[in-house]
Amino acid sequence: MADTRQFYDHLAADYHLNYADWDNAVRRQGRMLADLIRSQNLDGEACTVLDCSCGIGTQAIGLALEGFDVFGTDLSPASIARARREADRFGVTVIFAEADMRHVAQVVSGSFDVVISCDNSLPHLMTDDDMRLALGNMHAKLRPGGRLIVGIRDYDALLTDRPRLTPPQVRELADQRSVVFQLWDWSEDATTYRLTMFVHKQHGHDWQTDVHVAEYRALRRDDVDLLVGEAGFSGIQWRFPEMTGHHQPVMTAIRPHPESGT
């Protein structure tokens, strides 16, 4: 995961440019996740959340704004440093720590009502063994009856056309203009792709371009379901953007109570 860490370390300062309005996205995603969590009929009030791929804090801060007690981890030190600054700016308390999701149980103590991993983080894990390791760590951090929530790109749909480019995200403020888009180079069997992100920023009459490269797996939902089930979860469900208003499909699953299996 060294290349993934480097990708997010280099991108941390500009990650918000993926959104027309990142502050609004933080609040919107926080509301969506809060509504989803509260709809899960958990035993007692679900109030503790571990975001094990928190990045610069998009979901962790959003959930803190909704009143949840949030612990955020990420493998990128630069992302964690920015997440702490952003939480301060939003006026919320979130505990942040550096941790690879494959080893988060060794870094974070205690158990949580909810563990989340959003913004297409799981597909950075390029092998089933790494996926099993990460999902096993997420399972270990959930209390029995707790919920796993994963946000992931709709690869079932994307693999039909194998798009090469994403639409440009243009962000215009009084003091800065930026354009961000991605080039996707698919492997021959379409199981993986190389993402090249171009971040163009205007300074006066001049433009600066930064390029960031990462590898992803194109994980179909059936593949995710199988690995999540192998990790000991049950009750797997998928919710789609037309249901949630979120930009990616969201999967939920349960860590069963040992005595009931549900």
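The values are calculated or read from the model by the stated rules, or taken from the named source; none is laboratory data. The structure displayed is predicted, hence computed values, not measured ones. Positions of Cβ are backbone-derived with ideal geometry, glycine not excepted, and every protein chain shown enters the neighbour counts. The area values use the complete protein model at the heavy-atom level, side chains included, leaving out ligands, DNA and RNA. Shrake-Rupley method; radii C 1.70, N 1.55, O 1.52, S 1.80 Å.
Contact annotation: residue pairs with Cβ atoms under 7 Å, 6 or more positions apart or on different chains, pairing a residue in segment 173-188 that is touching a residue at least 24 places away in the same chain (Cβ under 8 Å) with a partner that is of a type in the set (V, I, T) and part of a strand (DSSP E or B), are S178/V199; V180/V199. Among the residues of segment 183-217, the one identified as on the phi > 0 side of the Ramachandran plot and either touching a Pro at 6+ places or on another chain (Cβ under 7 Å) or open to solvent by 40 Å² or more (accessible area, probe 1.4 Å) (or both) is G204. For segment 85-142, a residue qualifies if it is closer than 14 Å to A60 by Cα and β-branched (V, I, T), and the qualifying residues are V92, T93, V94, I95, V114, V115, I116.
Scoring L63 on the criteria (1) open to solvent by 10 Å² or more (accessible area, probe 1.4 Å); (2) in contact with a Leu (Cβ under 9 Å, 6 or more places away or on another chain); (3) part of a helix (DSSP H, G or I); (4) within 20 Å of M138 (Cβ to Cβ) leaves a single failure, condition (1).
Selection over segment 144-182 of residues that are open to solvent by 60 Å² or more (accessible area, probe 1.4 Å) and of a type in the set (S, T, Y) gives a count of 1. Tallying residues that are without any contact (Cβ under 8 Å) to a residue 24 or more places away in the chain, hydrophobic (A, V, I, L, M, F, W, C) and under 22 Å from F71 (Cβ atoms) within segment 1-51 yields 0. Does R220 qualify as being open to solvent by 60 Å² or more (accessible area, probe 1.4 Å), within 29 Å of R27 (Cα to Cα) and either among the β-branched types (V, I, T) or touching a residue at least 12 places away in the same chain (Cβ under 8 Å) (or both)? Taking the combined requirement at face value, the residue satisfies it. Restricting segment 146-177 to residues that are outside any loop (DSSP other than H, G, I, E, B), modelled with pLDDT under 95 and not hydrophobic (A, V, I, L, M, F, W, C) leaves a set whose member that is nearest to D225 (Cα to Cα) is Q169.
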